[in-house]
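A.B. asks: The following block contains the structure, expressed as C-alpha cells.
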Amino acid sequence: MKQFRILVLHDGKPGHLSQSYGLARMIASRCTRCDCEIVSVRAVPRLKLLNRLLRRMAVNVNPLLRRMVFVFYRLEKMPIVPVDLVVSFGGNVVALNVAYSQLHGIPNALIGSAYTIPSRAIRAHLSLSGDLGDKNAVATTVVLCRVDQERCRQAGLALLQNSDRPLWTLLVGGNGSGYGYHDSDWHRLGAAVRALSEQYDIQWLISTSRRTGAAGVNILRRYMDDDICRAAIWYEGDVSEPLDAYLGAASQIFCTEDSLSMVSEAVAMDKPVITLRPTESLPTRAHSKALNYMAEVRLIERLDFSALPYYRPNYCLPEKSYSAHLDEIFTRIIALGAVNELVRSPAAKYVGSHSVQPV
C-alpha cells in the first residue's frame, strides 16, 4: 500500500502545533487507500528579525537562496524519506514551509496569515472565513485541533468506572484574547459550579491553565471538595497534563471562551459544549466571529458567568457536526490538489494511533 507522509512544521507554541497537527491528522484519518505517517519537526528562527527577509528568500527563483532559508533555523532532525505534503501555522515557520515545498516540488498547506507570501506559493491556504487567500482559500469555519475521540474515550473509562454520578468537565483559561478575569469572576464561577453540582447531582472534572493564574486557582479551589470535584488539574509552573480523560469521561463540557483551541477541543468530542465568559469580554473580530458561527450552528451554547447558575441541560443536535466540517475542509483540500484524491475511497475511515506517529 502507498505511503503518504505529512510533514508538520511548528515553532513549539501549543496553539500552533495543535492546529497544524490537527490538520495533518484530519487528512490522515481520511486517506483510506494508503498508509499515512505524520512527522512533526520543531523549527525556531535563529533571529526573528530576519523573518521578513526569509519569506522573500523562500519564494525566490534561485534555489540556492531557498536552501539558505534552512540555515537560519534551529531545526530538529528533518525527514530523510520523501514527504508528500508540508503543513504549518504561524509566522515563524511560514518561510520554512514554502522553501521546503518549493525545493522538493510538493504541495503545502498553510493555516492563518501568509505574511506577504504570494498565493502562487501556497497550495491550500486555510483560515476561519477563507478570506485570506485567493483561489487557494479554504474556509474552515471551525478551529482545527488534534483531539482523537477514541483515544479520549479510552482514557476516560477509568474515571467513569469509578464514579456513580454523571461527570461534567470544566476547562478554565484566563486573561487573553480580549477577556479579562477578576477575583469577582472567579468567585462567581466557583459558586456556580458548586450550585450546579448540587442541583444536578453531578461531579466535576476541572482543569485550569497557565493563564488562570495563582489567584484564580486559589479562589476556585475554595469552592471545591471531594463530593463536588471528582478530579482536578490545578496548573502549577510549566507542567501541563493531557486532558484526554476529562474530555472522554464528560457527558457535558464547559470551557471559558478565551481560548479557541480549548473550545475546539471540546467541540471535537461531539458532546454538548457550553462556553463561558467573564464580565470583561472584548474578543477580537475573528475570535468573536468564530464563536458566533459555532453558536449559530449549535456546536456550542454561550453563557456569561452570571447566567451559569441558571443553566438547564437542553442539548440540541448541531446543524452540522464537527466531523462534517472536517469532511468539507478535506474535500476542498483535494480540489486544490494538496492531497491526491486517489488516496481516499468514498467510505470514511478514521485511523487509530498505530498509523499516526505521536508528536
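The values are calculated or read from the model by the stated rules, or taken from the named source; none is laboratory data. Please read all numbers here as calculations on a predicted model, not as lab measurements. Reconstructed Cβ throughout: ideal geometry from the backbone, glycine too, with neighbour counts over all protein chains shown. Side chains included, ligands, DNA and RNA excluded: accessible areas come from the protein's heavy atoms. Shrake-Rupley method; radii C 1.70, N 1.55, O 1.52, S 1.80 Å.
A.B. asks: If packing is taken as the average count of other Cβ atoms within 10 Å, what order do 136-147, 58-69 fall into, highest mean first?
C.D. replies: Result, highest mean first: 136-147, 58-69.
A.B. asks: Work out, step by step, the length gained on full extension between L49 and R221: first 0.36 nm times the residue separation, then minus their alpha carbon distance; give nm to one decimal.
C.D. replies: 57.6 nm is the gain from fully extending L49 to R221.
A.B. asks: Here is a further query. Please report the accessible area of E76 (heavy atoms, 1.4 Å probe, ligands and nucleic acids excluded) in Å², nearest 10.
C.D. replies: E76 exposes around 90 Å² with every protein chain in place.
A.B. asks: Continuing with this model, one more query. For the chain, what does the helix formula give at 222 nm: sum of -39500 (n - 2.57) over DSSP H segments with n ≥ 4, over the residue count, nearest 500 deg cm²/dmol?
C.D. replies: -11000 deg cm²/dmol
A.B. asks: Quick one: angle between helix 183-200 and the longest Cα principal axis of the chain, in degrees between 0 and 90, rounded to 10, please.
C.D. replies: For 183-200 against the chain, the angle is about 70 degrees.
A.B. asks: Enter the accessible area per residue of the chain (Å², integer; probe 1.4 Å; all protein chains in place).
C.D. replies: With the other protein chains kept in place, the chain gives 46 Å² per residue.
A.B. asks: Helix 285-296: angle to the longest alpha-carbon principal axis of the chain, degrees 0 to 90, nearest 10?
C.D. replies: Between helix and principal axis, roughly 60 degrees.
A.B. asks: Averaging sequence separations of C-alpha pairs under 8 Å and six or more residues apart, then dividing by the length of the range 233-316, give the relative contact order as a whole percent.
C.D. replies: So the answer I get is 25 percent.
A.B. asks: Would you work out what percent of the accessible area of the range 162-297, with all protein chains in place, is carbon or sulfur (probe 1.4 Å)?
C.D. replies: Carbon with sulfur: 47 percent of the solvent-accessible area.
A.B. asks: Hey, another quick one. So, in Å, what gap is there between the alpha-carbon centers of the range 119-188 and the range 256-280?
C.D. replies: 6
A.B. asks: Let me ask something else. Pairs K48/K135; K135/K271; K48/K77; K13/K271; K13/K77: which are spaced more than 23 Å apart, C-alpha to C-alpha?
C.D. replies: The pairs that break the limit, which is 23 Å between Cα atoms, are K48/K135; K135/K271; K13/K271.
A.B. asks: For S306 paired with R56, estimate the spin-label separation in nm (one decimal), with each label point 7 Å from Cα along the Cα-to-Cβ line.
C.D. replies: 5.3
A.B. asks: Let me ask another. Take the Cβ-Cβ distance between A335 and A286 as r, set R0 to 30 Å, and report the resulting FRET efficiency rounded to the nearest 0.05.
C.D. replies: With a Förster radius of 30 Å, E is 0.80.
A.B. asks: Once both axes come from the Cα atoms, what is the angle between helix 322-335 and the longest principal axis of the chain, in degrees from 0 to 90, rounded to 10?
C.D. replies: 10
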